[in-house]
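Below is one structure, written out as structure tokens, with a few remarks after it.
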Amino acid sequence: QVQLVESGGGLVQPGGSLRLSCVASGIRFNIYAMGWYRQAPGKQRELVAAITSGGITNYEDSVKGRFIISRDNAKNTVYLQMNSLKPEDTAVYYCYAESPLRSVKYWGQGTQVTVSS
């Protein structure tokens, strides 16, 4: 059974930082691409950041220079370090795991990030 469990969300003031974590089980973590999507109220889900099994990263334009995605294969965990947070970063953040050849994508349950003063 595949599980992706996110943690680290919460309420933070503008300019603050949060680190999201996503622990995966039931998959060969080291061969999966991992990443984070987010969905704000009334908006479509959008890709925030992704990291391949080889460690190549990709970011949505609005978070470049502020967010950092990383992975620890020994811990089956992917992280999203979010710095200089803005109110427009407020959303539910979802972790995903994508199998080789993109045949299967698994999702976490989501974690709420709220940026507000």
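The values are calculated or read from the model by the stated rules, or taken from the named source; none is laboratory data. Quick caveat: nothing in here was measured; it's all calculated off a predicted structure. Backbone-built Cβ (ideal geometry, glycine too); neighbour counts: all protein chains shown. These accessible areas exclude ligands, DNA and RNA; they are computed on the full protein's heavy atoms, side chains included. Shrake-Rupley method; radii C 1.70, N 1.55, O 1.52, S 1.80 Å.
Between Gly26, Gly15, Gly35, the Gaussian network model of the chain with springs among Cα atoms under 10 angstrom shows the greatest mean-square fluctuation at Gly26. Could you state, as a whole-number percent, how many of the C-alpha pairs of segment 3-104 are farther apart than 23 Å? Cα-Cα pairs in segment 3-104 separated by more than 23 Å: 22 percent. Dipole magnitude for segment 8-117: computed about the Cα centre from +1 point charges on Lys and Arg Cβ and -1 point charges on Asp and Glu Cβ, it is near 160 debye.
Loop only by DSSP, 10 or fewer other Cβ within 10 Å of the Cβ. Give me the trypsin sites (Lys or Arg not before Pro) in segment 40-117 that pass, ordered by residue number.
Lys43, Lys64
Here the chain has 48 percent of its accessible surface on carbon and sulfur atoms, given a 1.4 Å probe and all protein chains in place. For Trp107, the shell of other residues with beta-carbons less than 14 Å away shows a net charge of +1, using +1 for Lys and Arg and -1 for Asp and Glu. Which one, Trp107, Ser117, Gln44, projects farthest toward the positive side of the charge dipole computed for the chain from Cβ point charges (K/R +1, D/E -1)? Positive-end residue among those listed: Trp107. Charge tally around Glu60: other residues with Cβ under 14 Å, Lys/Arg +1 each, Asp/Glu -1 each, net +2.
What the chain shows is 53 Å² of accessible area per residue, with the surface traced by a 1.4 Å probe over protein heavy atoms.
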